[in-house]
Amino acid sequence: MVVFFYSAVHYVEAYLAATMGSHLRSHITRDGYVGRTKELRPIFSQYSHLKYYGYNARYEVLNFTEKDTETAAKDLETIKNLISAKL
């Protein structure tokens, strides 16, 4: 789950680097851009979902089901497709 989340972070960072010419160091700042930027807002739900999974995998050490993994993979695919289409 951590890998899914950080893959999403890298896609968002690639988009921000290409469009703004900079990288964001803070998850909070990045979350704001994903939620407020017209081009990224469509993936806010998926991004937030992966962030939740990543947090719970790292700090709460939750057990995830196969369905959770499939959902995370779909969320990442949605993010990848949207950002790839915009770059």
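Here, each number is a calculation from the coordinates, and none is a lab measurement. Note that the structure is a prediction, hence the values are computed from the model and not measured. We place every Cβ from the backbone using ideal geometry, glycine too, and count neighbours over all the protein chains shown.
For the reader, a short list of remarks on this structure follows.
- Mean separation of Cα contacts under 8 Å, 6 or more apart, over the residue count of the chain: relative contact order %: 46
- Summing charges over neighbours of D31, with a neighbour being any other residue whose Cβ is under 13 Å away from its Cβ, gives +4 when K and R count +1 and D and E count -1.
- Using only alpha carbons, the stretch 2-86 has a radius of gyration to Kirkwood radius ratio (Rg to Rh) of 0.97.
- You can think of it this way: the chain between Y6 and N81 has 25.4 nm of extra reach, that is 0.36 nm per residue less the Cα-Cα gap.
- Net lengthening on full extension, S22/T69 (0.36 nm per residue, minus Cα-Cα): 13.8 nm
- The helix-based estimate of mean residue ellipticity at 222 nm for the chain, built from -39,500 (n - 2.57) per DSSP H run of four or more residues and divided by its residue count, is -23500 deg cm²/dmol to the nearest 500.
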